[in-house]
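Read-outs: derived from the displayed coordinates by stated rules, not from any lab. Computed from a predicted structure; not experimentally measured. We place every Cβ from the backbone using ideal geometry, glycine too, and count neighbours over all the protein chains shown.
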Amino acid sequence: MAIAVGMIETLGFPAVVEAADAMVKAARVTLVGYEKIGSGRVTVIVRGDVSEVQASVAAGVENIKRVSGGQVLSTHIIARPHENL
């Protein structure tokens with residue numbers, strides 16, 4: 001089983017909460033946490049099987065559109081990250 005880390009960077013905290021909720025409901029992933037970057041930018045991070053992380057990130061991006069003012073700034077998936085990451 002190949003493990004992956006998935007991230008979605010949003011503008012605004014409500015959007016990241018919506019994304020995190022959708023991500024853990026859509027696939028079998030673990031919510032690692034979120035990072036407040038500044039200027040309203042927040043990144044949510046999940047971990048799991050590569051295909052599950054891909055489905056999770058896609059669901060998170062779709063659900064951010066439901067939040068008033070929600071904006072996806074970037075997404076990224078790292079397959080087979082180093083074990084310390």
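When residue 60 is tested against (1) touching a helix residue (DSSP H, G or I) at 6+ places or on another chain (Cβ under 6 Å); (2) assigned to a strand (DSSP E or B), exactly one condition is not met: (2). The residues of the range 8-37 that are under 14 Å from residue 59 (Cβ atoms), surrounded by fewer than 20 Cβ atoms within 10 Å (Cβ to Cβ) and in contact with a Ser or Thr (Cβ under 6 Å, 6 or more places away or on another chain) amount to a single one, 26. In the set (1) in contact (Cβ under 8 Å) with a residue 40 or more places away in the chain; (2) of a type in the set (Ser, Thr, Tyr); (3) crowded, with 17+ Cβ neighbours inside 10 Å, the condition left unmet by residue 74 is number (3). Every residue in the range 1-27 that is over 13 Å from residue 67 (Cβ atoms) and under 13 Å from the mean Cα position of the chain (by Cα), please. The answer is 4, 5, 6, 7, 9, 23, 24, 25, 26, 27.
The strands (runs of 3 or more DSSP E) falling completely within the range 1-56 that include 3 or more residues that are within 21 Å of residue 84 (Cβ to Cβ) and free of Cβ contacts under 8 Å to residues at least 60 places away in the same chain map to 29-38, 41-49.
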